[in-house]
Every structure is written in C-alpha cells, then in structure tokens.
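Quick note: the coordinates plus some simple rules give every number you see, no bench work behind them. In this text the structure is predicted, and so the values were computed from the model without any measurement. With ideal geometry, Cβ positions are generated from the backbone for all residues, glycine too; neighbour counts draw on all protein chains shown.
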Amino acid sequence: MSERKATIQRETRETQIRVYVHLDGAGNSQFAVKIPFLAHMLDQVARHGLVDVELEASGDLEIDAHHTVEDIGIVFGQAIAQALGNKAGIARYGHAYVPLDESLSRVVMDFSGRPGCFWQVEFSREKVGSFDTELFQEFFRGFANGAVATVHIDNLRGENAHHIAESIFKAFGQALRMAIATDTSISEIIPSTKGVL
C-alpha cells in the first residue's frame with residue numbers, strides 16, 4: 001500500500017490555508033495559526049488519531065475567526081480525503097466515546113462519500129478564552145464537506161466549556177483513527193456494496 005499522505009492549499013480573498021497530513025504517522029503536529037485554542041484542539045486530533053498534521057493558516061482575523069476556522073476544517077477534510085484515495089481497504093466507519101472529567105462526548109463518522117455534520121452540543125458559555133464556541137460546529141461542518149464524510153457529534157454531558165470541546169476533539173481523533181485504519185486482508189476492497197465511495 002502506498003504512503004497515505006496529502007498536501008492541500010486553498011487561497012481565497014478571506015483565507016490562505018495549507019494542510020499536510022500523513023495518515024500513518026505518529027500523531028506529530030506543527031501549527032502556524034493565530035488561533036491558539038483551535039491549534040490546541042487540532043493537536044488532540046493528531047495525537048489521538050495518530051495522524052501527522054502540519055497546518056499553516058492566515059485569514060481575516062481582524063473581522064473574526066469564522067472564515068479561517070471554517071476553511072481550516074474544509075482543507076483538513078480535503079487533505080484526509082486525498083490521502084485516503086479510493087478508500088480501498090479502510091474500515092470506513094469510526095466511533096468513540098471520550099470523557100474529560102465531568103464531560104462525555106461521542107463522535108461517529110463514516111467516509112461515505114455523502115457529506116453531513118450532525119451536531120448535538122450545547123456549550124455552557126459563548127467563549128473559551130477568546131474563541132467563540134459556535135465556531136466548533138463550523139470547523140466540523142467544513143471537515144465533513146471537505147472529506148465528503150458523515151459525522152455525528154454529541155456531547156452527552158458536560159459543564160465546563162473547555163472540557164466539552166476537548167472531549168469532542170479527542171473523540172473525533174479516536175473515531176478518525178478507527179475509520180481510516182487499514183486491513184491488509186482486504187486491501188483491494190472498497191468497503192461498499194456499490195463498489196465506490
């Protein structure tokens with residue numbers, strides 16, 4: 001099986017994003033982005049997903065972080081999709097429950113070829129530090145669209161907004177790790193009765 005790596009660049013009037021991923025990495029990450037809390041969360045995805053990630057991002061942060069966060073999600077998803085290729089031999093589905101103290105979150109994903117982000121999360125406050133909590137959904141919606149994947153995200157309980165967010169991103173990393181895992185005994189088989197994803 002060839003190395004599952006990809007680099008995607010996206011430049012718009014609002015943002016400039018470059019993402020590199022190595023799906024069979026060791027969970028290493030390197031970020032050049034002026035949104036520290038998002039970088040902290042993406043570090044969780046890399047570490048718990050065992051995906052190497054390099055991210056360079058700039059955007060119109062003088063307006064707000066919305067465009068940059070959404071576009072990072074899109075480009076990250078596109079990079080994952082490109083690295084997966086035709087998806088032959090992958091598990092396709094992934095799921096994880098992750099606690100963080102009082103918080104418990106669940107993420108379920110399917111690299112189905114049908115984008116969708118289904119979000120059942122209520123945050124206890126509008127910001128974590130300077131980061132707007134409503135932007136977490138924008139990141140995951142962007143990812144689902146970029147990766148052409150179905151993603152269900154539920155926070156089952158939680159009080160502390162930081163804990164809620166971190167449990168979600170850790171669960172996302174674990175679910176991603178499961179979904180992109182390969183089985184050499186079915187390395188040529190696309191996991192769909194349609195024969196394509």
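Descriptive notes on the structure:
- Amide N proximity, region 63-95 versus F118 label position 7 Å along Cα-to-Cβ, cut-off under 12 Å: none
- Cα-centred dipole magnitude for the chain, charges only on beta-carbon of K, R (+1) and D, E (-1), debye, nearest 20: 680 debye
- Relative to the compact-globule estimate of 2.2 N^0.38 Å, the Cα radius of gyration of region 84-179 comes out at 1.08.
- Rel. contact order, % - alpha carbon contacts under 8 angstrom, at least six apart, the chain: 27 percent
- With a simple spin-label model that places each label point 7 Å from the Cα along the Cα-to-Cβ direction, the separation between D60 and K127 comes to 2.1 nm.
- Against the chain, whose longest principal axis comes from its Cα atoms, helix 135-147 is set at around 20 degrees.
- 0 to 90° range, to nearest 10: angle between helix 66-84 axis and the chain longest Cα axis: 10 degrees
- Note on K194, K170, K34: ascending count of other Cβ atoms within 10 Å places them as K194, K34, K170, the fewest first.
- Fewest neighbouring Cβ atoms within 10 Å first, the residues M178, M109, M41 line up as M178, M41, M109.
- Of the residues L104, L50, L156, the one that moves most in a GNM of the chain with alpha-carbon contacts below 10 Å is L156.
- Relative exposure of E56, E11, judged by other C-beta atoms within 10 Å (fewest first): E11, E56
- Cα centroids of region 1-67 and region 160-176: 17 Å apart.
- Helix content alone sets the calculated 222 nm mean residue ellipticity of the chain: runs of n ≥ 4 DSSP H residues at -39500 (n - 2.57) each, divided across all residues, give -11000 deg cm²/dmol.
- Three-way shape label, region 138-197, alpha-carbon gyration tensor, a/c 1.5: prolate
- Springs between Cα atoms under 10 Å define the GNM used for the chain, and in it the highest mean-square fluctuation of T12, T182, T68 occurs at T12.
- Pair-distance profile P(r), taking every C-alpha pair of region 5-186, with 5 angstrom steps and integer %: 2, 9, 17, 24, 21, 16, 8, 2, 1, 0, 0
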